Structures are given as C-alpha cells and as structure tokens.
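Read-outs throughout are calculated quantities, based only on the coordinates presented, and are distinct from any laboratory measurement. The shown structure was predicted, so the numbers you read here are calculated from the model rather than taken from an experiment. A quick note on method: Cβ atoms are made from the backbone with ideal geometry, for glycine too, and the neighbour counts reach across all protein chains shown.
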Amino acid sequence: MDFRELRFARTLEFTIREINNSTDLLPDITLGYQIYDSCSASSIKVAFQFANGLDSVFSDNNSCSKSAAATVPAILFVFPFIESQVSHSATCACLSDKRQFPAFFRTVPSDHHQAAALARMVKYYGWTWIGAVRSDTDYGNYGMASFLKAAQKEGICVEYSEVYYRTQPRSKLERVANVIRRSMARVIVAFINIVEMRFILEELARNPLPPLQWIGSEAWITHPDFLQFNICAGALGFGVPRSVIPGLREFLLDLSPAQASKSPLLTEFWQSSFSCSLKGWTGSSSNFQECDGSEDIHALQNPYTDTSQLSNTIMVYEATYAIAHAIHGVICNDTQCNKTNTFSPWQILNQLKSVNFSTKNGYQVNFDSNGDPVAVYELINLQFKKDGTLDSVPVGYYDSSKPTGQEFSMISAIHWVGGQTEVPVSVCSESCPPGTRKAVQKGRPVCCYDCIPCAEGEISNKTDSVDCVRCPTEFWPSTKQDSCLPKLVEFLSWDDTLAIILTGFSITGAFMSLCVATIFYRHRASPIVRANNSELSFLLLFSLTLCFLCSLTFIGRPSEWSCMLRHTAFGITFVLCISCVLGKTIVVLMAFRATIPGSNVMKWFGPPQQRLSVLAFTLMQAVICVIWLKVSPPFPFRNVKHYKDKIILECNLGSTIGFWAVLGYIGFLAFLCFVLAFLARKLPDNFNEAKFITFSMLIFCAVWITFIPSYVSSPGKFTVAVEIFAILASSFGLVICIFAPKCFVILFRPAQNTKKHLMGKVPSKSL
C-alpha cells in the first residue's frame, strides 16, 4: 500500500468535512464524495468506473450525484462523460490545451513552468553538458520536450536523452544504466515517474559509478522513497511548496479499529501498519494474527502520519475547496443558498474559471486562462543529516510571476554531490578565457569547442566569446588580448636619448660657428680673412648657425606650426648657406680671372653683386616655400599604418612636390657649387679656398644623396632623426672643411697669415 496516496484520499475526506461544517462556504449544504483506487487497475478502467459511479471503495454514507474532485488518469478518453476536473498532481503541460481539455483545472503547476525553471537553474550553475532520462509517458515525454526546448534557448547541450518505461525488458534498463555510466556528463536531468526512477537507481546501484548530480522533477524529488538511495545525495529539484493544514494530523490519527474495518482501504492500511488482522475481516490479510487493541496509531512513523511538511497534500486541499467555491458561486447569493436549485455542469465550469480565494494556511487559489495556477516551487536539496540518513531540505524558491532574472530566491546553502561545497562542473569543453574565442568542433554539439587565440589586433573581453572584436584604429590589444589599450604614440620627444644626443650636436655646431665668427671678427684685418671675402664668410657662418639650430625644430611633438616651420626654415637657411658658398666659389674664380692682363671681370661681381646673388638665390627658395605652404602645407599626422601596435606622430609633407622642390633646389645649388669649386681646385695659390669648398660640397652632396633612401626607409621617429643627422652632418662638413684650416692658420700658424704667403711667393710647408 502507498501510505502517501492514502493520505491524499483522507485529505479529500477531511476537506469535505471541513467545508460541510463551514458557515460561510455552502451553508446548510452537505457535500458527498466517492474515492476510487487506481493502484491495481488500468487507468482507462478506473476512469470509466469513475464516470459511471460504480464500485466505490471509499465513500461517505450520504449519497450524492456524480462530481469530480480528484484527477482522472485517462482524461482524454473519459472527458465526454464527465463535467469538470481539478487535479492535485497532474502536471503534464499537454493538459493546458483547452481545445482538448476545456474542463480541466489543476492546483499543481504545469510542467511547462517546471521545465523552464529547470533549464534556467541548469544554466545558472554553468552546466552546459548534461544527460537526460524520462519516463515513456505523457508526463515524461511532454515534460522532457519542454525542458529540451528551454535548454536549447539557454545554450545547454544534451549528451544523451534516454527513455524508459516500467514494462520494458530488463535489457532496456541495463542499456540506459550503461549509457549513464559511460557518459561525460556529470549532471542528469530526470523528468521521470516514481516507479521508473526507482528501477533506474536500483540498476545504477549494482555497479560503482562516478558521482552524478541529479536534477529532479517534482514527481520524484520530494518522494520519501528516494531518501534510501545514497547516490541521490546532493540531488536538486523542484517541489510544491510545503506547509501545514490545520487539524489534518488530528483527523488522520483519529482512527480506531472499528472505523478502519468499515473501509477496505483503511483495513488494508491498519493491517499493513500493525501486521495484524482486524476482527471479522476475511480479506487477503487474514493470515495475520488478530489485532488485540494495543495498536497505537500515534506511534506510527510513515508517510500517512507525517504531516509536518505537506506539499501535494495541500494541492488536494486546494482542489477540493476550488470545487466547493465554484458550487457556492452557482447556488448561493450573498445571504443564503438554494438547496433545490438545479444547475448545469457547465455552470460549475464557468465558476471554476473565476474562483479566487485564500485557504486557511494562507495560499491564494486561482486559475489562469489555461486552468493553471501561478507556478511557485520549492527548490529541494537531498542532504545528509548528522545521523547519515538523507533528508529533503528546501534551499530556495522559484516564483514564475516575478520579473525575469528575479524568479529565484535562495534561503540556505546547497549540499552538492559528494558533499562538495563548490558547484560541480559538467561541460563538454572548459570555458574559453578572455583573449580567445570558441571554435565549434566539427561534427559535435555547439557546447564542444576549442579555444582559439584571437587574431592579431583583435580581443575578446568575455569568457566563452563566440567572436573576437577588432580594436579601433588607435587602439591595440593588451598582452592577454582581453582589452583594447591606446596605442603608444611615438615621436622624437625632448627626453628621448636620441633627441638629447642630436640636440647636443646641434648646440655644439651652433657654438662652433659662433666661435669661428668670433675668431674671424677679431682677426678681420688679417690677410687670410680679407682674402676669403670676409662679408660672405660672416654671412655663411650666420647661416650655418641657423642650420644647426633649425634641426631643433624637428624635435618635440609635431604641431601645425612646427610642421610648417621645420621644413621651411630648413629649406631657406640651407639655401642661404649654399648661396654664400656659391658666392665664395665664384669670387675665387673671378679673382684669378682678374689677374689676367686686361681683364675687367671683378667689376661685374663685386660686393653688391655678391649680396644680390645671395639674396636672389634665397628669395627663390622662399617663393617655393610660400607656394608650398599656400597650396598644401605640412601638417601633424597620426600614422597608424606603419606600426600595428603604435601610432607615429609625424609631420605629413602635405604636397610631396613642394618638399622635393625645396630639396631639389638645394641639391641643384650644391651641385653647381661643387662643379665650380672643382674647376677652381688647381688655381695657383698656397691657400686655395676652392679646394676646401670642393671637399665640403663633396661631403654635403654625399650626405644628402644617402639621406634620400634612408629617409624613405626609416620608421617612426628615426625618419626625423635621419633628417636631423643629414642637416648636422652637412653643416659640420661645411664648417670644418671651409673654416677649420683658416682658424688653424690664424691661431697656430700666424707666420703663414701674410699676403706674400697667400700669393705663393713664399714656399709653404705642407699642411
């Protein structure tokens, strides 16, 4: 005998007696009942028995017309013969279909809600690789179908989905057990009836198996029979909220042998509980010794007497009250009930749709358009007690009426399988950390994947990212490729070691030019200074000083003004410098032409013409620079293409034609100066300046010819460094080649600083 089911039946009896004694609900109206046992008969047979009102096994003395107060197992077959039903335990989602079952109601939530809640719970704990077993019944098949649909939306993969029914051969049961043993999934969702679950657990207990985290449906997770299976320890599932029905325990225990002998069910209960036979009973239990009256029902410890925490029993209580309220709504008004009033069964159906009341233990009862209540569940956890036995402990609640994400509320800690305090892991593949993406393994479910590092320039900042995201143009991934960081901005800054070295050379060169100018100024009356055109020499030293200093404009963060200044200053100062050198070269040539008798050439290239030529050559470069600045000037530019991981802050040339025109014009003057100096290198003179100009121009041209490929190929700040080096190298070449020999003679060979010596009339020692 199932004592739990007997408790349900007697709860129906208790509830009807409570209603009959009520002065508010159906006053002066007495309800009757008939209870049928479906345990040993087929569902269809009992359903038709119920519809025909025959062979009741537990009934009240008062007769009454047929009315349904309990669930009929085969609703689809019997529906044409009955009126309205309110079930306390039928959870199949299929029963919410009002086209097939328009008169079906229930106080227990639909499995549609339970399946969605189970899927959300599985997702919440990070289980993406699970197994599934179900009963081959409407309950199991519809429930599992709803769960699998919800699980798919949550991104949960099912390694296997096995089905079993109690009448199938043992080989089928063994196959199901072996699939569970061999699987990788450590979490199993069981949408299964009590009997099938018991068979599976008994089969699994025969051979050792790895710890499994069971996730149970309401049908078995709260059933006391499963507390004897230690492999269920840590199981988690949903059950109907438990409470207490006031007065029920006293009613159940108010049972004497005389009362029990009036009903076959109660007689079987008494004899099964105390292993004795009631006096005068000649049923199948007559082999027992006769009861002697010392039996104490209060001492029994079984599901019939355990009323401390009721769940499905409350659903019986609510279902019975729902029908009573529906009848009250049909035959009663505000003051009294009409006992003689006749009504149609469909009136009861319409009243059931609108019932809304609270029970004595505080539960609100109403139905939605599908005949279902609001889905509220207890989250049940099977935990070991101190004495080593299992107990079902509520650890939280689920309320489908609350907003999404707020349905769960936890009240205590969960004890997981194996006594762990940490959530067990059940995944096909470990989570992919940030910086990687998931790549599905070919031919396997989406939960089985490889973790592939993000490609260069891409990141993923979440665990289990499906795709990597490319960083914005001015950002670059971190070392772990889990975030985008601003790219390092590179330019030749003042605190850069290379910039400090170049600055030192620049200042040294400028100081050297000033020192030479000082020496020349102090010895301006000496023959060597006067013979080398002192005016052009001072102008050349001034321009060289500017050349050295203009290199400083290339250092620092490029700005709109610095970009325009650096190139134009460089172009104009170098043309000024080369113009002076060119003027000096022409003066040398003209001077020796003037020694020819009858030559009058010096009057065509005297000091005014020299100044004019320098001015003209410099103005030409100034015009080129103005046109360049007007048409397309240089501007600061963030170069993100040269390097992948950093930004080069540089000066874009604007018009490349303008840049190469400036550089080409300098090159043209330098080449012209080199040619003229080369032609004058063998003119008779102990101190022929043309030789030194030739060397200086040779160095100048060599520097700038090698500058071009270096400038084009140098990356980032080294492009600027190459340009500064070219400026400094060519400037040093001019200073050293043109002025160093003269300064040496002035300072260390004053005897050679005479007109006769310069004219070659005094033999000179090789320098």
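Helix 656-679 axis versus longest C-alpha principal axis of the chain: approximately 30°, rounded to the nearest ten. Going 7 Å from the Cα of Thr508 along its beta-carbon direction, which residues of the range 534-548 have the amide nitrogen within less than 19 Å of the resulting point? The answer is 544-548, whose backbone nitrogens lie closer than 19 Å to the label point. Close amide H pairs (under 5 Å, H built 1.01 Å from N) link Cys157 with Trp129, Ile130, residues at least 5 positions away or on another chain.
Within the chain, what percent of beta bridges assigned by DSSP are antiparallel, to the nearest 5? Mind showing how you got there, number by number?
Values: 38 of 63 bridges.
Antiparallel: roughly 60 percent of the beta bridges in the chain.
Show that you can apply the helix-only estimate: for the chain, add -39,500 (n - 2.57) for every DSSP H stretch of four or more residues, divide by all residues, and state [θ] at 222 nm to the nearest 500.
Numbers: 23 runs with 329 residues, N = 767.
Calculated mean residue ellipticity at 222 nm is -14000 deg cm²/dmol.
Report, in degrees rounded to the nearest 10, the 0 to 90 angle that the Cα long axis of helix 138-153 makes with the longest principal axis of the chain. Long axis of 138-153 versus the principal axis of the chain: about 10 degrees. Charge tally for Tyr377 (other residues, Cβ to Cβ under 13 Å; Lys, Arg +1; Asp, Glu -1): -2.
When the range 246-306 is described by a simple charge dipole with +1 on each Lys and Arg Cβ and -1 on each Asp and Glu Cβ, the residue from Cys276, Ala299, Leu265 located farthest towards its positive end is Leu265.
Dipole size of the range 436-486 about its Cα centre, with +1 on Lys/Arg Cβ and -1 on Asp/Glu Cβ: approximately 260 debye, rounded to the nearest 20. Taking amide H as placed 1.01 Å from N in the peptide plane, Val86 has its amide H under 5 Å from the amide H of Ala70, Phe105, each at least 5 places away in sequence or on another chain. 3J(HN,Hα) along the range 562-568, derived from phi through the Karplus expression 6.51 cos²θ - 1.76 cosθ + 1.60 where θ = phi - 60°, amounts to 5, 5, 6, 5, 4, 7, 6 Hz, with x in place of Gly and Pro.
Each of Val712 and Asn341 was given a label point 7 Å from its Cα along the Cα-to-Cβ line. The distance between the two points is 10.5 nm.
Farthest toward the positive end of the dipole of the chain, out of Ala9, Leu148, Phe538, is the Cα of Phe538, where the dipole comes from beta carbon charges about the Cα centre.
Pulled fully out, how much extra length does the chain show between Leu498 and Phe635, if you take 0.36 nm times their separation in residues and subtract their Cα-Cα distance?
Here the segment from Leu498 to Phe635 would lengthen by 47.0 nm.
The structure-derived value of Cα extents along the principal axes in Å appears in the list [x] 84, 81, 59; [y] 168, 60, 41; [z] 80, 66, 54 under the label [y].
Working from label points 7 Å from Cα in the Cα-to-Cβ sense, the Glu422 to Trp660 distance is 6.7 nm. Relative to the Cα centre, the charge distribution of the chain, modelled as +1 at Lys and Arg Cβ and -1 at Asp and Glu Cβ, gives a dipole magnitude of about 7520 debye.
For the pair Phe671 and Ala616, a Förster radius of 22 Å applied to the C-beta separation gives a FRET efficiency near 0.80, rounded to the nearest 0.05. Listing Tyr321, Tyr36, Tyr125 from fewest to most neighbouring C-beta atoms within 10 Å gives Tyr125, Tyr36, Tyr321.
Could you list, in their original order, any pairs among Lys462/Lys644; Lys153/Lys385; Lys360/Lys402; Lys717/Lys742 whose Cα atoms are separated by more than 27 Å? Mind showing how you got there, number by number?
On the way: Lys462/Lys644 23 Å; Lys153/Lys385 37 Å; Lys360/Lys402 24 Å; Lys717/Lys742 38 Å.
Result: Lys153/Lys385; Lys717/Lys742 exceed 27 Å.
In the chain, the longest principal axis of the Cα atoms and the axis of helix 264-274 are about 70 degrees apart. Extension gain, Asn350 to Leu488, is 42.2 nm, computed as 0.36 nm per intervening residue step minus the present C-alpha separation. Highest mean packing first, where packing is the average number of other Cβ atoms within 10 Å per residue, the peptides 134-142, 348-356 line up as 134-142, 348-356. The residues neighbouring Asp467, those whose beta-carbon lies less than 13 Å from its own, together hold a net charge of +2 under the Lys/Arg +1, Asp/Glu -1 convention.
A cut-off of 5 Å between modelled amide H atoms, ignoring neighbours fewer than 5 places along the same chain, links Glu162 with Ala132, Val133, Arg134.
Taking every Cα-Cα distance in the range 376-443 and sorting them into 5 Å bins from zero, the calculated P(r) comes out as 3, 13, 15, 15, 13, 13, 13, 10, 4, 1 percent.
Look at the alpha carbon pairs under 8 Å that are at least 6 residues apart: their mean separation over the length of the chain gives a relative contact order of 10 percent.
Spin-label model, Thr23 to Leu253: label points 7 Å out along the Cα-to-beta-carbon direction sit 2.9 nm apart.
Between Lys386 and Ser275, residue separation times 0.36 nm minus the direct Cα-Cα distance comes to 36.8 nm.
Each Lys or Arg adds one and each Asp or Glu takes one away; over the other residues whose Cβ falls under 10 Å from the Cβ of Ile452, this sums to +1. Relative contact order for the range 246-306: 32 percent, from Cα pairs under 8 Å spaced at least 6 residues apart, divided by residue count. Calculate the length of the line joining the C-alpha centroid of the range 126-154 to that of the range 202-262, in whole Å. A separation of 22 Å, based on Cα centres. Each of Phe199, Gln114, Ile648 was placed along the dipole of the chain (beta-carbon charges, centred on the mean Cα), and the one lying farthest toward the positive end is Ile648. Each residue of the range 635-641 was assigned a 3J(HN,Hα) from its phi angle through the Karplus expression (A = 6.51, B = -1.76, C = 1.60, θ = phi - 60°), giving 8, x, 9, 9, 7, 9, 9 Hz with x at Gly and Pro.
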